[in-house]
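Below is one structure, written out as structure tokens, with a few remarks after it.
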Amino acid sequence: MKMTDGRNRISMRAWSVRRATKLLLAPALGAVALMGAATADAAENKATAIFAGGCFWCVESDFDKVPGVISTTSGYIGGSAETANYRAVTSRPTGHYEAVRIVYDPEKVSYRRLLTVFWRSVDPTDAGGQFCDRGDSYRTAIFVKDDKEREIALATKEKAEGVIRKPIVTKIETAGAFYKAEDYHQDYYIRNPVRYKMYRYGCGRDQKVKSLWGPEAHAGIKH
């Protein structure tokens with residue numbers, strides 16, 4: 001985990017990961033590539049969205065509180081390597097983002113609405129990471145499966161820029177392989193609530209989002 005001044009400082013989040021790994025015994029499981037992760041399953045009335053918003057613990061926590069969301073999964077996407085895991089992604093330039101795969105019911109919440117929630121839960125003006133987490137793997141991005149999703153993403157991006165009156169640097173990319181993160185990362189905010197809250201507060205995530213978005217901060221997230 002890298003802090004602002006680089007390589008020799010250890011962030012609160014890295015400490016939490018090590019502690020969680022010991023507590024949960026964290027078996028060394030290989031990451032599983034979920035090919036075609038951003039596809040809809042019309043037969044079951046489910047659709048998927050993949051967003052990178054910095055720390056995937058926080059993105060999971062936020063989107064689990066959005067009505068219409070069925071499940072969230074932390075993982076890695078966007079890199080050139082044929083596989084991904086936490087150690088590799090955070091210690092060397094693999095090109096992957098920490099991201100969350102969101103399964104939702106399109107009859108209860110639209111893709112456009114999810115994007116509205118996403119923009120207002122991150123700092124999309126930061127090209128170097130998110131909040132206290134610095135580095136390429138913590139940048140924001142939207143991973144789309146087709147031209148329709150890309151069009152919606154671009155439209156909501158333009159609208160978001162109008163609200164904050166600052167240029168947005170979040171990339172909109174075509175979704176590729178999504179690699180599920182290690183088990184100890186899944187539902188981290190539920191399994192380790194005290195450490196999670198300490199990390200989130202210490203990282204300044206909510207404070208920055210509120211200062212950037214004002215009354216629209218965290219819109220659509222039920223707290």
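The numbers here are math on the coordinates, done by the rules we state, and not lab data. What you see is a predicted model, and the numbers here were worked out from it, not measured in a lab. Neighbour counts run over all protein chains shown; Cβ positions are idealised from the backbone, glycine included.
The table that follows gives values for the structure above.
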read-out	value
Odd one out for residue 201 among (1) without any contact (Cβ under 8 Å) to a residue 40 or more places away in the chain; (2) touching a Lys or Arg at 6+ places or on another chain (Cβ under 8 Å); (3) of a type in the set (Ser, Thr, Tyr)	(2)
Candidates 180, 166, filtered to the one that is surrounded by fewer than 20 Cβ atoms within 10 Å (Cβ to Cβ) and in contact with a Leu (Cβ under 9 Å, 6 or more places away or on another chain)	166
